[in-house]
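Notes for the one structure printed next.
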Amino acid sequence: MAGASYGSIADEVNTRDVFLGFSTIGDTGQRVRWDNSGAMVVMKPVPGDWTHDVVALNDPGLAVGSSGSHAAVWDSAGNATRLPDETPDRPACRSSAEQINNAGQIIGNVDCRDVPGFAAVIWR
């Protein structure tokens, strides 16, 4: 795969031959995607966040996971957008997205400060 370093890992694939994985770039390990032409794209965190984990990919090419302590969705250019995890009647939350289907529905979990434990959630 283009740009893949020794020790690279591909751990997710869709039916359009887009892969998610991990590759070392310089001295840093990065979450990346390889599109069906073989080009490698670095998956970036939401601006202002330092950590991120991209865990699932759908056929249209959207990926999901978490950036900082919030669920996020990534486009094909590797840019992340935070998913909403606060509602007007709830305090700030932590969240993560775990899967995305081809219709763009995302499932994951939310942990709000006023309720103990995590709750299942779907973003549409």
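Per-structure values
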read-out	value
Number of the exception - A80 against (1) of a type in the set (A, V, I, L, M); (2) surrounded by fewer than 21 Cβ atoms within 10 Å (Cβ to Cβ); (3) in contact (Cβ under 8 Å) with a residue 12 or more places away in the chain	(2)
Check on G7, open to solvent by less than 70 Å² (accessible area, probe 1.4 Å), farther than 19 Å from I106 by Cβ and either of a type in the set (G, A, S) or touching a residue at least 12 places away in the same chain (Cβ under 8 Å) (or both)	yes
Near pairs, Cβ below 8 angstrom, 6+ apart or cross-chain, from the range 93-116 (touching a residue at least 24 places away in the same chain (Cβ under 8 Å)) to any residue that is aromatic (F, W, Y) and in a strand (DSSP E or B)	A97/W123; I106/W123; G108/W123
Where a residue in the range 53-77 is farther than 19 Å from D111 by Cβ and open to solvent by 10 Å² or more (accessible area, probe 1.4 Å) and its partner, wherever it lies, is among the acidic types (D, E) and not in a loop (DSSP other than H, G, I, E, B), with Cβ under 7 Å and at least six apart	L57/E12
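The values are calculated or read from the model by the stated rules, or taken from the named source; none is laboratory data. Just so it is clear, the model here is predicted, and its values are computed rather than measured. All Cβ positions, glycine included, derive from the backbone under ideal geometry; neighbour counts span all protein chains shown. Heads up: the accessible areas ignore ligands, DNA and RNA and are worked out on the full protein's heavy atoms, side chains in. Shrake-Rupley method; radii C 1.70, N 1.55, O 1.52, S 1.80 Å.
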